[in-house]
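One structure is given below, encoded as structure tokens.
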2 protein chains.
Amino acid sequence: MKDFRLYVITGEEFHPTRGVVEVMEEAIQGGADIIQLRDKTNSKRVVLDKARKLRELTRKYDVPFIVNDHIDIALAVDADGIHLGQDDMPLHLAREIVGKDKIIGISTHRIQEAREAEQGGADYIGAGPIFPTNSKSDVVDPVTTSYLDEVVSEISIPFVAIGGIKLHNVADVVNSGANRICVISEVVGSGDVKGTCEMFIQKIGEKVNQL
Amino acid sequence: MKDFRLYVITGEEFHPTRGVVEVMEEAIQGGADIIQLRDKTNSKRVVLDKARKLRELTRKYDVPFIVNDHIDIALAVDADGIHLGQDDMPLHLAREIVGKDKIIGISTHRIQEAREAEQGGADYIGAGPIFPTNSKSDVVDPVTTSYLDEVVSEISIPFVAIGGIKLHNVADVVNSGANRICVISEVVGSGDVKGTCEMFIQKIGEKVNQL
Ligand code: NI
């Protein structure tokens, strides 16, 4: 898979008055280089409609498009990949369904989960939540940047740090060895989505405190 | 597809103290000849686990096994088919994903939906809700048996009547031309699941009032 730095996941609850396509387009224009549609509440038909529009958008900008959980929707719109949590379809079954060419990312909260994902053929892992989060995700205690230290030393596939990462704390994450950052609310809930992405990209590029 | 008379859908909220496999096994022993797993609330992993167990059960009894909504799970456990509501994945996309050999059933509430399902290659349709229902399904006004009259006269693929069908009203449905009956709560919430199925089978077989 093409490498990435800034992974933005949809979070429509953080921009109630704006459409998801408009917000994600601004994110891409600001430097988001991989996009995930995450919608665990709406009907398949509604999620499919959003997926189609985001597929069109990401094709236009040549940015990989990932669908969270809904393997069927990922297949229907020919997304580049799927992202699975620990409560979603197990990796080996998902791989059988989507084949070898689709990206599969796995959320991990513990090094054992990271090892299993790597051994199972995941293309990347999410590592987190690093900090407390206000997104509607699985309620898991923050793993802190110490989990990133474990991942850096043990895991060879790409990992993206996720969970409560904001402009004010991203430096800690970058200094723990993360080159890829995943953000939801700080980006999509921003009054300046594009500018916020640009600031993230800048901060990902610089190690703030060389420890 | 093999024809059927008594289609039982899981409704675990109606048997909180008993397991779904135990209840569905009794239904099959009473004459249920097609089984659907319907779970729109639990995580994929939880639904997958139930699907595996029901796949094993239905193989043992040689009864077709249908998964509601979750195409990925249907593929993962090699279910015989999927059932899709009007808010689920559209038929043509679902067919592309599952191929020609899987059964696809479509819920319909209006004759136009029934026509589209037939023209789109559905293997059967659900027609309902005939009566008011206490199942957690899409909230649609009852279509009454007059919808069955339309379906009988216009639609050639198999249809199964669904929605609020109980032992006390099934005769009306059968007299409207339905040879296939779908039941949830009256069966799975019964203190005698097997006996209730046997009574349904008997009532489906006899036209109570020859009009
Ligand atoms: Ni689903």
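The values are calculated or read from the model by the stated rules, or taken from the named source; none is laboratory data. Model, not experiment: these values are computed from the prediction. Every residue, glycine as well, gets a Cβ built from its backbone with ideal geometry; the counts of neighbours run over all protein chains shown. SASA here: full protein model, heavy atoms, side chains in, ligands and nucleic acids out. Shrake-Rupley method; radii C 1.70, N 1.55, O 1.52, S 1.80 Å.
From the list A:Arg59, A:Arg52, A:Arg45, exactly one residue is more than 13 Å from every other protein chain (Cβ to nearest Cβ) and assigned to a helix (DSSP H, G or I). Which is it?
Selected residue: A:Arg59, the only one of A:Arg59, A:Arg52, A:Arg45 that is more than 13 Å from every other protein chain (Cβ to nearest Cβ) and assigned to a helix (DSSP H, G or I).
Evaluate the stretch B:21-39: report whether one residue or more is basic (Lys, Arg), in contact with a Ser or Thr (Cβ under 9 Å, 6 or more places away or on another chain) and part of a loop (DSSP other than H, G, I, E, B).
Residues of the stretch B:21-39 basic (Lys, Arg): B:38.
Now narrow it down to the ones that are in contact with a Ser or Thr (Cβ under 9 Å, 6 or more places away or on another chain): B:38.
Checking the rest, the ones that are also part of a loop (DSSP other than H, G, I, E, B) come to B:38.
Yes - at least one qualifying residue is present in the stretch B:21-39.
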Tally of residues being at pLDDT 95 or above and either in contact with a helix residue (DSSP H, G or I) (Cβ under 8 Å, 6 or more places away or on another chain) or among the polar types (S, T, N, Q) (or both) across the stretch B:10-41: 22
Failed criterion for B:Glu113 (all others in (1) among the charged types (D, E, K, R); (2) within 14 Å of chain A (Cβ to nearest Cβ); (3) closer than 29 Å to B:Glu26 by Cβ hold): (3)
Criterion violated by B:Lys102 - all others in (1) surrounded by fewer than 19 Cβ atoms within 10 Å (Cβ to Cβ); (2) in contact with a helix residue (DSSP H, G or I) (Cβ under 9 Å, 6 or more places away or on another chain); (3) within 14 Å of chain A (Cβ to nearest Cβ) satisfied: (1)
Filtered residue count, the stretch A:5-14, keeping only those that are part of a loop (DSSP other than H, G, I, E, B) and open to solvent by 10 Å² or more (accessible area, probe 1.4 Å): 1
A:Ile97 being of a type in the set (A, V, I, L, M, F, W, C) and within 13 Å of chain B (Cβ to nearest Cβ): yes
Lone qualifier among B:Ile157, B:Ile130, B:Ile125 - being more than 14 Å from every other protein chain (Cβ to nearest Cβ), surrounded by 15 or more Cβ atoms within 10 Å (Cβ to Cβ) and part of a strand (DSSP E or B): B:Ile125
Whichever residue in the stretch A:15-61 is within 16 Å of the ligand (Cβ to nearest atom) and farther than 21 Å from A:Ile103 by Cβ and, among such residues, is surrounded by the fewest Cβ atoms within 10 Å (Cβ to Cβ): A:Thr41
Any chance B:Leu75 is closer than 25 Å to A:Lys44 by Cα and touching a strand residue (DSSP E or B) at 6+ places or on another chain (Cβ under 7 Å): no
Some residue of the stretch B:164-180 being closer than 23 Å to B:Leu93 by Cα and not β-branched (Val, Ile, Thr): no
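Filtering the stretch A:62-117 down to residues that are in a helix (DSSP H, G or I) and of a type in the set (Val, Ile, Thr), which residue is farthest from the ligand (Cβ to nearest atom)?
Of the stretch A:62-117, the ones in a helix (DSSP H, G or I) are A:71-77, A:91-98, A:111-117.
If we keep only those that are of a type in the set (Val, Ile, Thr) as well, we get A:71, A:73, A:77, A:97-98, A:111.
Numbers: A:Ile71: 8, A:Ile73: 8, A:Val77: 14, A:Ile97: 12, A:Val98: 14, A:Ile111: 29 Å.
Among residues in the stretch A:62-117 that are in a helix (DSSP H, G or I) and of a type in the set (Val, Ile, Thr), the one farthest from the ligand (Cβ to nearest atom) is A:Ile111.
Looking at the stretch B:17-31, is at least one residue of a type in the set (Ser, Thr, Tyr), over 30 Å from B:Ser146 (Cβ atoms), within 15 Å of the chain's Cα centre (by Cα) and more than 13 Å from chain A (Cβ to nearest Cβ)? So that I can check it myself, show each step before the final result.
From the stretch B:17-31, those of a type in the set (Ser, Thr, Tyr) are B:17; that's our starting set.
Then keep just the ones that are over 30 Å from B:Ser146 (Cβ atoms); that gives B:17.
So of that shortlist, the ones also within 15 Å of the chain's Cα centre (by Cα) come out as none.
No: zero hits.
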